[in-house]
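What follows is calculated from the coordinates using simple rules that are stated; it is not laboratory data. What you are looking at is a predicted structure, and each value in this text was computed from that prediction instead of being measured. Using ideal geometry, Cβ is built from the backbone for each residue, glycine included, and neighbour counts are taken over all protein chains shown.
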Amino acid sequence: MATPTIRALREHFGPAATITGIQRPYVKEVLAGTNWLSNCIEFNPKGKWRSRRGTLSLALELRRRKFDTAIILPNSPRPAFASWLAGIPQRLGYVRYCRGPLLTERVDPLRDGRKFQPISALNYYLTLAESLGANVDNRRIELSSTPEFDKAAERFWSQHDLHNRRVIAFNTGGAYGAAKSWPSEHFADLAKRLVSEPNTRVVVMCGPAEAETADRICGLAGSPYVHSMSGQKLSIGLTKAAIKRSELLITTDSGPRFFGTAFGIPTITIFGSTDPQWSATGHPLEFNVNISVDCGPCARRVCPLKHHRCMRDLTSEFIYAKAVSVLTEHQRRAA
């Protein structure tokens, strides 16, 4: 969701500026194929403070490179502290978690009384770019793939006879916590319903942590037309390439859901404990689905009441009907 901001900053500062992305190792693969960043510094915030990727060593590296400006997207105190320690003259970020004294340019988040107003992270980040004078009219999320991962996706498509098929991708993960997970039984029943449609196939994507879940969904579906990607060399790059060549993405509220809108793929996102307002992209092919429960949205990682109704009561029949509707309308517009 930061890509519109990174793009706006590149356009504002121009091709001669050196823009360095400081990011967790996996983010490098998310942005692979784009050209907004001049280079990157990988940083693992969970590393030991004296380690090569620790906060102190990061600050020393930033000081060595003599940056003019630090634009701090996360709300965490750590990047603000590292930028301050590095002596970067201009340090821009939101005033959160008592880090105001570490910033030279402070932006106050919108509040409704004592609570923060629900605002999409996409707009939240763009406000920082706008405060520097950047044009933020283009709010479209954008990503790219690479030949390496496109070839890996092509091999999977060929292996499972997916060419000239209507392929629907499932993203079932949720690193945030179990509260974002839709039951595997629901995914499996949805897959069975979808592959009953003419010439339709389902690909269940996964990372290493979700491989077992992907296989379980395929097993419960019991159809040769529902395929798990668990046997592949799993990576974010492969997930991007697979979504890019699908006709529909059905996903939980987790990172890969944004790959759909980034590549112009209709995307149905199933929400549970989280409020869709915090992550809305405004893309015309984004379809957010949730149900109203008296206990939510609670934003908890695990259902505190143990019933998880916000997800369990969202039936596979309902998502199937939504998927058919979205596909029919998308095909009508394409025609």
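Please arrange Val302, Val30 by how many other C-beta atoms lie within 10 Å of their C-beta, fewest to most.
If I rank by nearby Cβ atoms, fewest first, I get Val302, Val30.
Per residue, how much space in cubic angstrom lies within the convex hull of the C-alpha atoms of the chain?
158 Å³
Between Ser325 and Glu185, what FRET efficiency comes out of the Förster formula 1/(1 + (r/R0)^6) with R0 = 25 Å and r the beta carbon distance, rounded to 0.05? Don't jump to the answer; show the numbers that get you there.
Details: r = 23 Å, r/R0 = 0.91.
For R0 = 25 Å, the calculated efficiency reads 0.65.
For the pairs Lys180/Lys322; Lys46/Lys66; Lys192/Lys322; Lys233/Lys322; Lys151/Lys192; Lys180/Lys233, note any where the Cα-Cα span goes beyond 23 Å. Each step should come with its number before you reach the end.
Values: Lys180/Lys322 19 Å; Lys46/Lys66 25 Å; Lys192/Lys322 15 Å; Lys233/Lys322 32 Å; Lys151/Lys192 28 Å; Lys180/Lys233 25 Å.
Pairs exceeding 23 Å: Lys46/Lys66; Lys233/Lys322; Lys151/Lys192; Lys180/Lys233.
Calculate, for Asn164 and Glu317, the FRET efficiency according to 1/(1 + (r/R0)^6) with r their C-beta to C-beta distance and R0 22 Å; round to the nearest 0.05. If you can, show how the numbers build up before the last one.
On the way: r = 28 Å, r/R0 = 1.29.
My answer for the efficiency is 0.20.
Over what distance in Å are the Cα centres of segment 208-251 and segment 283-333 separated?
Here the two parts' Cα centres lie 20 Å apart.
Report, for the chain, the % of DSSP beta bridges that are antiparallel, rounded to 5.
DSSP beta bridges in the chain are roughly 5 percent antiparallel.
List the residues whose amide H sits under 5 Å from the amide H of Val204, counting only those 5 or more places along or on another chain, with H placed 1.01 Å from N in the peptide plane.
Correct list: Phe170, His227, Ser228, Met229.
Please report the relative contact order for segment 149-334, taking Cα pairs under 8 Å with a sequence separation of at least 6, and give it as a percent rounded to a whole number.
24 percent
Counting other beta carbons within 10 Å of each residue's own, what order do Val324, Val136 fall into, fewest first?
By the 10 Å Cβ count, ascending: Val324, Val136.
Would you mind finding the longest exposed-site-free stretch of the chain, with exposed trypsin sites (Lys or Arg not before Pro) meaning DSSP loop and at most 10 other Cβ atoms within 10 Å?
115-232
Under a 5 Å amide H to amide H cut-off, with H placed in plane at 1.01 Å, what residues pair with Ser279 once short-range neighbours are removed?
Ala121
In nm, give the distance between the simple-model label positions of Arg114 and Asp68, each being 7 Å from the Cα along the Cα-to-Cβ direction.
Result for the modelled spin labels: 4.3 nm.
Mind giving me the nanometre distance, one decimal, between the label points for Ser38 and Arg24, set 7 Å out from Cα along Cα→Cβ?
2.7 nm
Can you give the calculated 222 nm mean residue ellipticity of the chain, where each DSSP H run of n ≥ 4 adds -39,500 (n - 2.57) and the sum is split over every residue, rounded to the nearest 500 deg cm²/dmol?
Rounded to the nearest 500, it is -10500 deg cm²/dmol.
Cα atoms only, segment 149-334: Rg and Dmax in Å?
Gyration radius and largest Cα-Cα distance of segment 149-334: 15.4, 47 Å.
Per-residue HN-Hα couplings for segment 135-152, Karplus 6.51 cos²θ - 1.76 cosθ + 1.60 at θ = phi - 60°, whole Hz, x for Gly and Pro?
7, 10, 5, 7, 10, 6, 5, 9, 9, 9, 10, 10, x, 4, 7, 4, 5, 5
Modelling each spin label as a point 7 Å along the Cα-to-Cβ direction, I'd like the Arg96/Ala334 distance in nm, to one decimal.
Here the modelled spin labels are 3.7 nm apart.
How much of the DSSP beta bridge set in segment 3-131 is antiparallel, as a percent to the nearest 5?
If we restrict to bridges inside segment 3-131, about 15 percent are antiparallel.
Could you identify which residue out of Asn171, Asn138, Asn288 has the top mean-square fluctuation in a GNM of the chain using Cα springs shorter than 10 Å?
Per the Cα network of the chain with a 10 Å cutoff, Asn138 tops the list.
Quick one: give the max-minus-min coordinate of the C-alpha atoms of segment 44-122 along each principal axis, largest first, in Å.
For segment 44-122, the Cα spread along each principal axis is 41, 26, 23 Å.
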